[in-house]
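What follows is calculated from the coordinates using simple rules that are stated; it is not laboratory data. No experiment lies behind these values; they were computed from the predicted model shown. Using ideal geometry, Cβ is built from the backbone for each residue, glycine included, and neighbour counts are taken over all protein chains shown.
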Amino acid sequence: MRPVQYFSEEYLERCRELSPEQILAFLDDFQALHAAATMPRKSRLISLRLPEPLLAAFRTRASLAGVPYQTQIKRLMSAWLAAPDDPAPHPAPPPTRTLPDR
């Protein structure tokens, strides 16, 4: 059950004095402030193959930064999506294979 919110007469009087533009600005700010809290938090489990040394190094660095490594992966993905026109900061080199000597 949600708590009931009570407003003072002084607050209600101040609200009555707001212009329509001020009310719209307040509602826009309120919506932006609470957008993250109202976003669905549904997640999907994925499987991702990574070279073991890369994952170990990533987990170590995330641990040193005090951040769970999966949280850091999500942060990196979000940051990259926020700037889609920027190239990857450090593109991975193409995989190389060496043939054994005969």
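Phi-derived couplings, Karplus 6.51 cos²θ - 1.76 cosθ + 1.60 at θ = phi - 60°, listed residue by residue for region 4-11: 8, 9, 10, 10, 6, 4, 4, 5 Hz, with x used for Gly and Pro.
Counted by Cβ distance under 15 Å from ALA65, the other residues give a net charge of +4, where Lys and Arg count +1 and Asp and Glu count -1. Looking at region 1-65, the trypsin sites (Lys or Arg not before Pro) that sit in a DSSP loop and have at most 16 other Cβ atoms within 10 Å of their own Cβ are ARG41, LYS42, ARG44, ARG49.
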